[in-house]
Amino acid sequence: MTDTLHILGVSGSLRKASRNTYLLRAAAELTPDHTEIEIYSIGDLPLYNQDLITNHYPAPVEAWRNKVRAADAILFTSPEYNHSLTAALKNALDWASRVDLNAAPGTSHLLDQKPGAVMGAGGRSGTIRSQNHFHQIATALNMQVLHKPQVFVPLSPISPFNEAGELIDPLVRTQIQKLLAELALWTRHLQAYQNSTAPAKV
(Lines give C-alpha, C1' and ligand atoms only; values in the text may rest on other atoms or scores of the structure.)
Protein backbone atom coordinates (compact mmCIF):
# COMPACT_ATOMS: atom_id res chain seq x y z
CA MET A 1 0.00 0.00 0.00
CA THR A 2 1.51 3.29 -1.08
CA ASP A 3 -1.18 5.84 -0.18
CA THR A 4 0.27 8.31 2.30
CA LEU A 5 -1.18 8.26 5.81
CA HIS A 6 -1.94 11.75 7.07
CA ILE A 7 -1.40 12.07 10.83
CA LEU A 8 -2.49 15.22 12.63
CA GLY A 9 -0.03 16.24 15.36
CA VAL A 10 -1.59 18.12 18.28
CA SER A 11 0.27 19.57 21.24
CA GLY A 12 -1.62 20.30 24.44
CA SER A 13 0.87 23.03 25.32
CA LEU A 14 0.43 26.54 23.92
CA ARG A 15 3.93 27.76 24.81
CA LYS A 16 6.14 28.81 21.90
CA ALA A 17 9.07 26.92 23.43
CA SER A 18 6.99 23.90 24.42
CA ARG A 19 8.96 20.68 24.75
CA ASN A 20 5.82 18.80 23.76
CA THR A 21 5.61 20.71 20.50
CA TYR A 22 9.32 19.99 20.00
CA LEU A 23 8.44 16.33 20.52
CA LEU A 24 5.94 16.53 17.67
CA ARG A 25 8.53 18.20 15.46
CA ALA A 26 10.90 15.32 16.13
CA ALA A 27 8.14 12.85 15.31
CA ALA A 28 7.55 14.60 11.98
CA GLU A 29 11.19 13.82 11.11
CA LEU A 30 10.92 10.18 12.16
CA THR A 31 7.82 9.01 10.30
CA PRO A 32 7.87 5.65 8.52
CA ASP A 33 7.52 5.46 4.74
CA HIS A 34 4.25 6.70 3.26
CA THR A 35 3.37 8.59 6.44
CA GLU A 36 3.32 12.33 7.14
CA ILE A 37 2.61 14.44 10.21
CA GLU A 38 0.97 17.87 10.07
CA ILE A 39 1.39 19.82 13.30
CA TYR A 40 -1.67 21.90 14.13
CA SER A 41 -2.03 24.53 16.85
CA ILE A 42 -5.18 24.54 19.01
CA GLY A 43 -4.33 27.89 20.59
CA ASP A 44 -7.03 29.84 18.75
CA LEU A 45 -9.93 27.70 19.97
CA PRO A 46 -12.39 29.49 22.27
CA LEU A 47 -13.36 27.81 25.51
CA TYR A 48 -16.15 25.34 24.86
CA ASN A 49 -19.46 27.14 25.30
CA GLN A 50 -22.67 25.90 23.73
CA ASP A 51 -23.86 29.51 23.45
CA LEU A 52 -21.22 29.99 20.73
CA ILE A 53 -22.97 27.42 18.55
CA THR A 54 -25.70 28.97 16.42
CA ASN A 55 -26.18 27.80 12.84
CA HIS A 56 -22.45 27.19 12.58
CA TYR A 57 -19.39 26.69 14.73
CA PRO A 58 -16.98 29.58 15.36
CA ALA A 59 -14.38 29.81 12.57
CA PRO A 60 -11.43 28.47 14.62
CA VAL A 61 -13.59 25.54 15.71
CA GLU A 62 -14.64 24.77 12.12
CA ALA A 63 -10.99 24.84 11.06
CA TRP A 64 -10.03 22.45 13.86
CA ARG A 65 -12.90 20.10 13.13
CA ASN A 66 -12.00 20.01 9.43
CA LYS A 67 -8.45 19.00 10.33
CA VAL A 68 -9.73 16.21 12.58
CA ARG A 69 -12.13 15.03 9.89
CA ALA A 70 -9.42 14.87 7.23
CA ALA A 71 -6.80 13.11 9.38
CA ASP A 72 -6.26 9.37 9.13
CA ALA A 73 -5.00 9.40 12.72
CA ILE A 74 -4.06 11.88 15.45
CA LEU A 75 -0.86 12.00 17.48
CA PHE A 76 -1.30 13.92 20.74
CA THR A 77 1.32 15.29 23.12
CA SER A 78 0.69 17.01 26.42
CA PRO A 79 2.57 18.10 29.52
CA GLU A 80 1.17 17.13 32.91
CA TYR A 81 -0.72 19.77 34.88
CA ASN A 82 -2.03 18.72 38.31
CA HIS A 83 -1.85 15.02 37.43
CA SER A 84 -3.80 15.53 34.20
CA LEU A 85 -3.59 16.75 30.62
CA THR A 86 -3.90 20.45 29.82
CA ALA A 87 -7.12 22.42 29.69
CA ALA A 88 -6.27 23.43 26.11
CA LEU A 89 -6.19 19.80 24.94
CA LYS A 90 -9.35 18.86 26.83
CA ASN A 91 -11.07 21.86 25.26
CA ALA A 92 -10.01 20.76 21.77
CA LEU A 93 -11.32 17.26 22.41
CA ASP A 94 -14.63 18.67 23.63
CA TRP A 95 -15.08 20.71 20.44
CA ALA A 96 -14.18 17.74 18.23
CA SER A 97 -16.58 15.43 20.07
CA ARG A 98 -19.64 17.35 18.89
CA VAL A 99 -21.53 15.89 15.94
CA ASP A 100 -21.79 17.97 12.79
CA LEU A 101 -24.55 20.54 12.91
CA ASN A 102 -27.75 19.39 11.21
CA ALA A 103 -26.43 15.82 11.13
CA ALA A 104 -28.92 12.98 10.95
CA PRO A 105 -29.88 11.31 14.26
CA GLY A 106 -27.38 8.63 15.21
CA THR A 107 -24.49 10.26 13.38
CA SER A 108 -21.13 9.67 15.06
CA HIS A 109 -18.90 12.49 16.23
CA LEU A 110 -15.54 13.14 14.55
CA LEU A 111 -13.40 11.28 17.09
CA ASP A 112 -15.50 8.12 17.14
CA GLN A 113 -13.29 5.23 15.93
CA LYS A 114 -10.49 7.68 15.06
CA PRO A 115 -7.06 6.03 15.43
CA GLY A 116 -4.60 7.83 17.65
CA ALA A 117 -1.64 7.76 20.00
CA VAL A 118 -0.28 9.91 22.79
CA MET A 119 3.16 10.78 24.14
CA GLY A 120 4.45 13.47 26.42
CA ALA A 121 7.43 15.28 27.89
CA GLY A 122 7.57 16.68 31.40
CA GLY A 123 9.06 16.45 34.88
CA ARG A 124 10.68 13.28 36.15
CA SER A 125 7.86 10.87 35.25
CA GLY A 126 7.48 11.92 31.62
CA THR A 127 3.69 12.62 31.92
CA ILE A 128 2.62 9.12 32.98
CA ARG A 129 -0.44 10.39 34.89
CA SER A 130 -1.39 12.83 32.16
CA GLN A 131 -1.34 10.06 29.58
CA ASN A 132 -3.36 7.73 31.80
CA HIS A 133 -6.02 10.43 32.10
CA PHE A 134 -5.94 10.97 28.33
CA HIS A 135 -6.66 7.27 27.78
CA GLN A 136 -9.72 7.51 30.03
CA ILE A 137 -11.07 10.39 27.95
CA ALA A 138 -10.25 8.62 24.69
CA THR A 139 -12.19 5.57 25.87
CA ALA A 140 -15.23 7.74 26.60
CA LEU A 141 -14.94 9.15 23.08
CA ASN A 142 -14.60 5.66 21.56
CA MET A 143 -11.30 6.56 19.94
CA GLN A 144 -9.05 3.72 18.80
CA VAL A 145 -5.93 4.83 20.68
CA LEU A 146 -2.79 2.72 20.98
CA HIS A 147 -1.92 1.62 24.50
CA LYS A 148 1.62 0.55 23.61
CA PRO A 149 4.38 1.33 22.88
CA GLN A 150 4.49 4.12 25.43
CA VAL A 151 6.66 7.23 25.16
CA PHE A 152 7.27 9.00 28.48
CA VAL A 153 9.95 11.70 28.19
CA PRO A 154 11.36 13.04 31.50
CA LEU A 155 12.84 16.54 31.37
CA SER A 156 14.95 16.14 34.49
CA PRO A 157 17.59 15.62 35.67
CA ILE A 158 18.86 15.83 32.06
CA SER A 159 16.76 17.22 29.22
CA PRO A 160 16.69 15.17 26.01
CA PHE A 161 16.45 18.43 24.02
CA ASN A 162 19.23 20.84 23.13
CA GLU A 163 18.92 24.63 23.37
CA ALA A 164 17.48 24.80 19.84
CA GLY A 165 14.63 22.47 20.84
CA GLU A 166 16.01 19.51 18.89
CA LEU A 167 15.50 16.03 20.32
CA ILE A 168 19.00 14.63 20.73
CA ASP A 169 18.37 11.60 22.94
CA PRO A 170 18.78 8.52 20.69
CA LEU A 171 16.70 6.30 22.97
CA VAL A 172 13.70 8.65 22.86
CA ARG A 173 14.05 8.99 19.09
CA THR A 174 13.95 5.20 18.77
CA GLN A 175 10.88 5.03 21.03
CA ILE A 176 9.08 7.57 18.86
CA GLN A 177 9.96 5.65 15.71
CA LYS A 178 8.47 2.49 17.21
CA LEU A 179 5.32 4.35 18.26
CA LEU A 180 4.87 5.84 14.79
CA ALA A 181 5.41 2.49 13.10
CA GLU A 182 2.75 0.90 15.31
CA LEU A 183 0.37 3.82 14.77
CA ALA A 184 0.73 3.52 11.00
CA LEU A 185 0.17 -0.24 11.14
CA TRP A 186 -2.81 0.16 13.49
CA THR A 187 -4.38 2.83 11.28
CA ARG A 188 -3.97 0.71 8.14
CA HIS A 189 -5.51 -2.24 9.95
CA LEU A 190 -8.54 -0.22 11.06
CA GLN A 191 -9.00 1.26 7.59
CA ALA A 192 -8.95 -2.20 6.04
CA TYR A 193 -11.49 -3.46 8.57
CA GLN A 194 -13.78 -0.48 8.08
CA ASN A 195 -13.61 -0.86 4.30
CA SER A 196 -14.43 -4.57 4.56
CA THR A 197 -17.50 -3.91 6.70
CA ALA A 198 -18.81 -0.88 4.80
CA PRO A 199 -22.17 -1.39 3.05
CA ALA A 200 -21.80 -2.20 -0.62
CA LYS A 201 -22.70 0.61 -2.99
CA VAL A 202 -25.53 -0.21 -5.39
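The values are calculated or read from the model by the stated rules, or taken from the named source; none is laboratory data. Bear in mind the structure is a predicted one, so any value in this text is a computation, not a measurement. Here Cβ is always computed from backbone atoms with ideal geometry, including for glycine, and neighbour counts include all displayed protein chains. The area values use the complete protein model at the heavy-atom level, side chains included, leaving out ligands, DNA and RNA. Shrake-Rupley method; radii C 1.70, N 1.55, O 1.52, S 1.80 Å.
The residues of segment 1-40 that are surrounded by 15 or more Cβ atoms within 10 Å (Cβ to Cβ) and part of a loop (DSSP other than H, G, I, E, B), listed by number, are G12, S13, L14, S18, L30, T31.
Every condition in (1) open to solvent by 50 Å² or more (accessible area, probe 1.4 Å); (2) under 30 Å from E182 (Cβ atoms); (3) not β-branched (V, I, T) holds for N55 except the one numbered (2). The set of residues from segment 148-172 being open to solvent by 40 Å² or more (accessible area, probe 1.4 Å) and either in contact with a Ser or Thr (Cβ under 7 Å, 6 or more places away or on another chain) or under 16 Å from S78 (Cα atoms) (or both) comprises Q150, F152, P154, L155. Filter segment 46-86 for residues that are assigned to a helix (DSSP H, G or I) and hydrophobic (A, V, I, L, M, F, W, C); which is farthest from the chain's Cα centre (by Cα)? Looking at residues that are assigned to a helix (DSSP H, G or I) and hydrophobic (A, V, I, L, M, F, W, C), I get L52.
When segment 180-197 is filtered for residues that are out of contact with any helix residue (DSSP H, G or I) (no Cβ under 8 Å at 6 or more places or on another chain) and open to solvent by less than 70 Å² (accessible area, probe 1.4 Å), the ones remaining, listed by number, are A181, L183, A184, T187, R188, L190, Q191, A192.
Residues in segment 123-168 that are of a type in the set (D, E) and in contact (Cβ under 8 Å) with a residue 12 or more places away in the chain: E166 only. Any residue at all in segment 71-93 that is over 22 Å from T139 (Cα atoms), in contact with a strand residue (DSSP E or B) (Cβ under 7 Å, 6 or more places away or on another chain) and either aliphatic (A, V, I, L, M) or open to solvent by 30 Å² or more (accessible area, probe 1.4 Å) (or both)? Looking through segment 71-93, none of the residues is over 22 Å from T139 (Cα atoms), in contact with a strand residue (DSSP E or B) (Cβ under 7 Å, 6 or more places away or on another chain) and either aliphatic (A, V, I, L, M) or open to solvent by 30 Å² or more (accessible area, probe 1.4 Å) (or both).
How about segment 94-113: which of its residues are under 14 Å from N66 (Cα atoms) and either open to solvent by 20 Å² or more (accessible area, probe 1.4 Å) or outside any helix (DSSP H, G or I) (or both)? Scanning segment 94-113 gives S97, R98, V99, D100, L101, H109, L110, L111. Going by what's in this entry, would L185 be described as free of Cβ contacts under 8 Å to residues at least 24 places away in the same chain and under 17 Å from the mean Cα position of the chain (by Cα)? Yes. When segment 114-137 is filtered for residues that are under 14 Å from the mean Cα position of the chain (by Cα) and either assigned to a loop (DSSP other than H, G, I, E, B) or closer than 18 Å to A184 by Cα (or both), the ones remaining, listed by number, are K114, P115, G116, A117, V118, M119.
Pairs only if they're at least six apart or on different chains, beta carbon under 6 angstrom, first in segment 66-79 and among the basic types (K, R), second assigned to a strand (DSSP E or B) and open to solvent by 10 Å² or more (accessible area, probe 1.4 Å); list them, first residue then second. Partner pairs satisfying both residue conditions: K67/Y40.
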